[in-house]
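What follows is one structure encoded as structure tokens, with my remarks underneath.
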Amino acid sequence: MKSTLNRLIERTYFRGLVFNQSWEDPLLDREALRISADQDTVLSITSGGCNCLNLLCLRPRQLICVDPNPAQTYLLDLKLAGIRHLDHADFCSLLTSCGSTEAVDIYRRALRAKLPDDARNYWDSNTRVLERGILAQGKLGFFLKWIRRYMRCQLGERRMRQFFEVDNIDDQRDFYYREIHPRLLRGSVLKILGSRWVLACAGMHPSQYDLIQDRHGIGRYIRDRVEYVLTTVPIRDNYFIAQAFLGAYLDAENVPPYLLERNFDTLKQTADRVVNVTAWLTEYLDSLPESSVDKFNLLDIFDWMSRESLHTTVRSVLRAGTPGGRFIYRSAVRSLPVPPELRSAVVSEDDLAHRLFAQDRSFTYSSFYIYRIDQQRVADQLHRT
């Protein structure tokens, strides 16, 4: 019964544009991956494209972006076209304007003719996404819009704004427990929010839902993540929480790196280094030459997989990775390391992962992993397994 329900959710919710933006903190990725400018080949899951473009600000020699969902590929195609053919102001307007025809006008005037055929056909059929604001669209965008309406109803606009004006973490924690905690997750709200169907709207894959439920329980996971980000991470300059609570960035400086004006020239110079691919990750990795990728940004992809698929995908990463290459990933559960039978082929940088994760500004994940490939042991390990 559960497997049938999961397949139904996957067919219903994981088609079309799911992720309008990414929810991984780029400050962690930058320090964990240690990309060598103009030298490294980097592979990243595409998702909303933000992670890829944040990495592009670091000037990799090549950036391969992979996602099985063509709508996510088309979103990155649009962003890349905007980088190549717009100035910074119009690029930001393309992504952030809402409730007007400005983004549609920019698309038709400057970008439509520059897109690959499939991407152009997609956006010609989805101009309403541009008109309503890309950062408010997709399944995740609709989920956050519902969450913001609930919070305004429970907290009031004034209280929400006051929260963002708190200027130290102790006062923030006191404000949360005094003004927000008693109102936010009370009654049946946690049960509704923890529904498999509701969290699918937030981009939680059914396999990830089952993993969390089996390990910790969904209700506990939601409470833990909300309390972590609202009581231990300074909120005043946290653009993740601003997007979730307010539906907008606080100012022009507290935004993802790829939206900063000072990084826009770098993006223009490196946009042609991006290879944007619609494919399943493992199959694509197996099509690459051995030892051809230096760094891998795998988001939370292993949460979506069975143990067998996780094992197969890690093997593919090890085969495609260069000696000393690095791969990172996140998980919604507290422990999801590389399978024991493959662990001798990697070096786990636990101390660095724990130090970085303690600074995480996002609220989605419960653990963070950094591995370095020990290529001398990879051949023997892959042969044995």
Does any residue of segment 360-371 turn out to be over 28 Å from L78 (Cβ atoms) and open to solvent by 50 Å² or more (accessible area, probe 1.4 Å)?
-> no
Selection from segment 54-78 of residues under 16 Å from D265 (Cβ atoms), open to solvent by less than 20 Å² (accessible area, probe 1.4 Å) and among the aliphatic types (A, V, I, L, M) yields L56
Scope segment 244-290; condition in contact (Cβ under 8 Å) with a residue 40 or more places away in the chain and of a type in the set (K, R); matching residues | K268, R273
So which helices (runs of 4 or more DSSP H) are wholly in segment 123-202 and hold at least 1 residues that are closer than 17 Å to Y249 by Cα and modelled with pLDDT under 85?
-> 138-155
Answer from Q208, Q162, Q154, Q172 - the residue that is buried (at least 18 other Cβ atoms within 10 Å of the Cβ) and over 30 Å from L310 (Cα atoms) | Q172
Segment 229-346: strands (runs of 3 or more DSSP E) wholly inside it with 3 or more residues that are open to solvent by 30 Å² or more (accessible area, probe 1.4 Å) and touching a strand residue (DSSP E or B) at 6+ places or on another chain (Cβ under 7 Å) are 274-278
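Here is a yes/no grid of residues against (1) surrounded by 19 or more Cβ atoms within 10 Å (Cβ to Cβ); (2) in contact with a helix residue (DSSP H, G or I) (Cβ under 7 Å, 6 or more places away or on another chain); (3) outside any helix (DSSP H, G or I):
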{"position": "G82", "(1), (2), (3)": "yes, yes, no"}
{"position": "S93", "(1), (2), (3)": "no, yes, no"}
{"position": "D105", "(1), (2), (3)": "no, no, no"}
{"position": "R112", "(1), (2), (3)": "no, yes, no"}
Taking D29 as the residue in question, decide whether it is within 28 Å of D350 (Cβ to Cβ) and either open to solvent by less than 10 Å² (accessible area, probe 1.4 Å) or at pLDDT below 95 (or both).
-> yes
Being among the hydroxyl-bearing types (S, T, Y) and without any contact (Cβ under 8 Å) to a residue 12 or more places away in the chain is the filter; apply it to segment 175-205 and report the residue that is most open to solvent (accessible area, probe 1.4 Å).
-> S188
Segment 211-221 - residue that is assigned to a helix (DSSP H, G or I) and of a type outside the set (A, V, I, L, M, F, W, C) and, of those, surrounded by the fewest Cβ atoms within 10 Å (Cβ to Cβ) = D214
Taking the condition modelled with pLDDT under 90 and either in a loop (DSSP other than H, G, I, E, B) or within 20 Å of the chain's Cα centre (by Cα) (or both), does D224 pass?
-> no
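The values are calculated or read from the model by the stated rules, or taken from the named source; none is laboratory data. Keep in mind that what you see is a predicted model, and the values were worked out from it rather than measured. Neighbour counts run over all protein chains shown; Cβ positions are idealised from the backbone, glycine included. Ligands, DNA and RNA are excluded from the accessible area calculation, which covers all protein heavy atoms including side chains. Shrake-Rupley method; radii C 1.70, N 1.55, O 1.52, S 1.80 Å.
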